[in-house]
Amino acid sequence: MTTRDDILAAAVEIFAEKGFDGASVREICQAAGTNSAAINYHFESKAALYRSVVELAYRSATIHPMPTLHDHEGDPDRALTEWISWYLHRILEPGGDAANRLLLRESASPSGALDGFVASVIYPVYRGLESIVDAICPAELDARTRQLHCVSILGQCLVHRVCRPMLEQLPVEPPIHEADLAEIAAVVTANALAAIRADHAARSRNR
């Protein structure tokens, strides 16, 4: 590995744990076995290093391309199943733990160091889901309800990542945190489709 690689590897762990404001250049340098001059040389500033780290984290979390509606023309239910499975793998798959923690931290509490992070990184993922949900929803369903269905799907996935420490301590059998990705994906997909169809049925009765 090069000095630049060493700095990135150390920085992703420290930024994931402490965030942009809580991490110090000195701490990152010590973990990388280098000095602040190396960060200035390779990245120019702490903010520039942070941007590089987030870009690296995003690439490591998106090794597999996001499924789209176009991949399953005429079968939006299948497209939703594939998207949910892809998203769960992205946030729960072992190997990218620090990268995932960093992306979740930046999404939940933007540092201000990344101009346009939500628009350039988060929104395309959301928009991919939204296009699938739009294809499943009846035409008369309003935009706000469609958005809430999307957020509900994201929430059902993210709870297994963000709340994992709590899930590990729940005294239930079998342990919830031991559910595999396929089990979680099946339940989230079933819930999402049932909710959308229930919405449709309720509106049809009220006409």
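The values are calculated or read from the model by the stated rules, or taken from the named source; none is laboratory data. Only a predicted model underlies this, so the values are computations on that prediction, with no experimental measurement involved. In this analysis, Cβ positions are derived from the backbone assuming ideal geometry, glycine residues included, and neighbour counts consider all displayed protein chains.
Take S60 and decide whether it is modelled with pLDDT of 90 or more, among the small types (G, A, S) and part of a helix (DSSP H, G or I).
Spelling it out, it is not the case that S60 is modelled with pLDDT of 90 or more, among the small types (G, A, S) and part of a helix (DSSP H, G or I).
Checking L158 against (1) closer than 19 Å to L69 by Cβ; (2) aliphatic (A, V, I, L, M); (3) under 17 Å from the mean Cα position of the chain (by Cα), which single condition isn't satisfied?
Unmet condition: (1).
Would you list the helices (runs of 4 or more DSSP H) that sit entirely within the range 81-174 and hold 3 or more residues that are closer than 18 Å to V12 by Cα and small (G, A, S)?
Once the helices (runs of 4 or more DSSP H) in the range 81-174 are filtered for at least 3 residues that are closer than 18 Å to V12 by Cα and small (G, A, S), what remains is 97-108.
Suppose the filter is free of Cβ contacts under 8 Å to residues at least 60 places away in the same chain, surrounded by 13 or more Cβ atoms within 10 Å (Cβ to Cβ), closer than 19 Å to P76 by Cα and in contact with a Ser or Thr (Cβ under 8 Å, 6 or more places away or on another chain); does A186 pass it?
No: the conditions fail for A186.
Write out, first by first residue and then by second, each pair whose Cβ atoms fall under 8 Å of each other, whose residues are 6+ apart or on separate chains, and whose first residue, in the range 149-171, is within 18 Å of W86 (Cβ to Cβ) and among the charged types (D, E, K, R) while the second is modelled with pLDDT of 90 or more and exposed (fewer than 13 other Cβ atoms within 10 Å of the Cβ).
Listed pairs, sorted by first residue: none to list.
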